[in-house]
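S.K.: Encoded as structure tokens, here's the structure I'll be asking about.
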Amino acid sequence: MLRCLPKYRNISSRRRESSDPHILLWWDRQLRSLSRPLQAAIAEEANDIFVSAASIWELAIKRALGKLSFSRSIVDAASELGFEILSVTGSHAERAGGLPPHHNDPFDRLIIAQAHLEGMVLGTQDLLMRPYGVAMLGLD
């Protein structure tokens with residue numbers, strides 16, 4: 001999840017942002033990999049930034065398979081970086097299961113469903129997420 005750029009922010013209330021797992025990794029390790037709008041959004045203190053529990057699970061699977069080198073606790077890293085963890089509900093799972101297969105990754109469809117149901121802006125640089133019609137930041 002990430003914070004929104006000021007031009008996207010509703011000044012009268014806090015904004016809730018959600019992100020795909022790459023955003024968490026890049027914020028921690030490869031800041032230059034993030035688009036400038038995503039960097040600015042994460043740095044904006046006025047917003048609540050979330051990472052899905054499903055993203056934590058996906059990263060843990062990749063680490064267990066040797067596809068990701070991440071020595072510390074992913075949950076602790078997310079917390080230290082200022083990300084809150086968004087739990088997966090039955091409604092999230094049901095909505096994700098009913099989404100059209102524009103994107104073949106079930107983890108990504110789940111975070112799309114979460115962003116939609118929770119009224120969040122999704123921080124991503126994955127163009128395959130665009131057809132779902134969820135508010136997004138980072139595809140510039």
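The values are calculated or read from the model by the stated rules, or taken from the named source; none is laboratory data. As the structure is a computational prediction, the values presented were derived from the model and not from experiment. Virtual Cβ from ideal backbone geometry, glycine too; neighbours counted across all protein chains shown.
S.K.: Of all residues in region 124-140, which are among the hydrophobic types (A, V, I, L, M, F, W, C) and surrounded by 18 or more Cβ atoms within 10 Å (Cβ to Cβ)? So that I can check it myself, show each step before the final result.
M.R.: So the first thing to find is which residues in region 124-140 are among the hydrophobic types (A, V, I, L, M, F, W, C), and the list is 127-129, 134-137, 139.
The answer is M129, V134, M136, L137.
S.K.: Name the single residue, out of those in region 74-110 being hydroxyl-bearing (S, T, Y) and more than 20 Å from A43 (Cα to Cα), that is nearest to the chain's Cα centre (by Cα). It would help to see each step written out before you state the result.
M.R.: Taking region 74-110 and keeping what is hydroxyl-bearing (S, T, Y), we get 79, 87, 89, 91.
The next check asks that each one be more than 20 Å from A43 (Cα to Cα); those that pass are 87, 89, 91.
On the way: S87: 13, T89: 16, S91: 18 Å.
For region 74-110, the residue satisfying everything is S87.
S.K.: Which members of region 72-123 meet the condition of being part of a helix (DSSP H, G or I), of a type in the set (D, E) and surrounded by 12 or more Cβ atoms within 10 Å (Cβ to Cβ)?
M.R.: In the first step, residues of region 72-123 are kept if they are part of a helix (DSSP H, G or I); the result is 74-80, 90-98, 106-118.
Within this subset, residues satisfying the condition of being of a type in the set (D, E) are 76, 80, 94, 108, 118.
Correct list: D108, E118.
S.K.: Let me ask something additional. Give me the pairs, please: first residue somewhere in region 111-124 and without any contact (Cβ under 8 Å) to a residue 24 or more places away in the chain, second residue anywhere and β-branched (V, I, T), beta-carbon distance under 8 Å, and either six or more positions apart or on two chains.
M.R.: Here the result reads I112/V134; H116/V134, each pair linking region 111-124 to a residue that is β-branched (V, I, T).
S.K.: Run down P37, P21 and say which single residue is more than 13 Å from the chain's Cα centre (by Cα), modelled with pLDDT of 65 or more and not basic (K, R). Reasoning before the result, please.
M.R.: Values: P21 fails: more than 13 Å from the chain's Cα centre (by Cα).
One residue alone meets the criteria, P37.
For (1) modelled with pLDDT of 65 or more; (2) surrounded by fewer than 24 Cβ atoms within 10 Å (Cβ to Cβ), each residue gets a yes or a no:
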| site | (1), (2) |
| --- | --- |
| R14 | no, yes |
| W27 | no, no |
| S52 | yes, no |
| E58 | yes, yes |
| R63 | yes, yes |
| G66 | yes, yes |
| F70 | yes, yes |
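S.K.: Which condition number does I42 fail, the rest of (1) surrounded by 17 or more Cβ atoms within 10 Å (Cβ to Cβ); (2) touching a strand residue (DSSP E or B) at 6+ places or on another chain (Cβ under 8 Å); (3) part of a loop (DSSP other than H, G, I, E, B) being met?
M.R.: (3)
S.K.: Under 6 Å by Cβ, and 6 or more places apart or on different chains, what pairs join a residue from region 69-84 that is over 23 Å from Q114 (Cα atoms) with one that is hydrophobic (A, V, I, L, M, F, W, C)?
M.R.: Cβ pairs passing all conditions: none.
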